[in-house]
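One structure is given below, encoded as structure tokens.
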Amino acid sequence: MHSSHPAGRAVGPAGHRAAVATETAAFVAALNGADLSAPVPGCPDWTLRDLVKHTGSVQRMFSVLLRRLVQEPPRSREVELHLPTAEDGWTDWLSASAAEAADAFAGTDPDAPMWAWGADQHARFWMRRMLFETLVHRTDAERALGRRPVIDPALATDGVDEFLTNLPYATFFAPHVARLRGEGETLRFRCTDTDGDWLVRLRPDGFAAEPRTGDAAAASADAGVQGTAADLLLLLYGRLDRAADTVETTGDEELLTRWFANSAF
């Protein structure tokens, strides 16, 4: 299947910025009346309170980086979090974190060059990264409360692309990623409900995702993983087991095992 743009990159910075707000609002809505001491299955050892604190802290930290347009890795990631003083203040604090982000977005050109740990050395990297931090943790909250999350397929496709594009650069906080090397072995990740389709090739020096361009040869990979964009996103983030009925895997089982054992984000 041929696409004039890389698979999953159709959303763009404006869509990312808008979705941070809508995803945070959905997160806050899910917490209405919830016990914040409840455990979060998607984040072992965390409570809902921990999840809220992490998500809002990330939003505030990334907002500081965006305002400063940092040109090198920050020596410290400590920022003023203005944490709530009362237990019932967490949802308002999370909403305020998203407002901080919106303010930072409004004053930042997404195409401005800046340091980023991933592939894209522009402000838009942090806008996109903030969205998927928020979106995945919104689903964590909903699942912790016994709900089945719904994820917009276009955003989910973009999230798969963002994950696969940046994973090769994540070794400084996900050291096992460095084990994903090989001699040309390939894994194909395909969304069944969108045009998202990637080929990941393991090389002696690492790996990279190649958006599909209609080359029939690329369709034959050593291993394959397919499901809806939403299920693929949750699978890549370790929120769904690859044995789940909603995901289909084919090909080299050892390669699949090696990928999922070492790609935890």
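Along the positive direction of the dipole of region 157-261 (beta-carbon charges: Lys, Arg +1; Asp, Glu -1; about the Cα centre), which of PHE173, THR192, ALA243 reaches farthest?
PHE173
Per residue, what volume in Å³ does the Cα convex hull of the chain take up?
Spelled out: Cα convex hull of the chain, divided by residues, is 128 Å³.
What distance in nm lies between label points placed 7 Å from Cα along the C-beta direction at LEU81 and SER220?
5.3
Project the alpha carbons of region 157-261 onto their principal axes and report the range along each, largest first, in whole Å.
32, 31, 25
Run the numbers on the chain and let me know its relative contact order in percent, using alpha-carbon pairs under 8 Å that are six or more apart.
Relative contact order of the chain: 20 percent.
With axes computed from alpha carbons, what is the tilt in degrees of helix 153-166 against the longest principal axis of the chain, rounded to the nearest 10 within 0 to 90?
80
Kindly report the accessible area of the chain per residue (heavy atoms of protein chains, probe 1.4 Å, no ligands, DNA or RNA), in Å².
45
Using a 1.4 Å probe on the protein heavy atoms, what percent of the accessible area of region 115-191 belongs to carbon and sulfur?
50
Using every Cα-Cα pair within region 39-195, state what percent have a distance larger than 20 Å.
59
How much FRET efficiency would the formula 1/(1 + (r/R0)^6) give for ARG203 and GLU253, where r is the Cβ-Cβ distance and R0 is 25 Å, rounded to 0.05?
Step by step, r from the Cβ atoms, then E = 0.75.
Excluding the sites themselves, what is the longest stretch of the chain that contains no GluC sites (Glu not before Pro) in a DSSP loop with at most 15 other C-beta atoms within 10 Å?
In the chain, the maximal stretch lacking such sites is 81-182.
The values are calculated or read from the model by the stated rules, or taken from the named source; none is laboratory data. Source: prediction; values computed, not measured. Please note: Cβ atoms are built from the backbone with ideal geometry, for glycine as well, and neighbour counts cover all protein chains shown. The accessibility values were calculated without ligands, DNA or RNA, using every heavy atom of the protein model including side chains. Shrake-Rupley method; radii C 1.70, N 1.55, O 1.52, S 1.80 Å.
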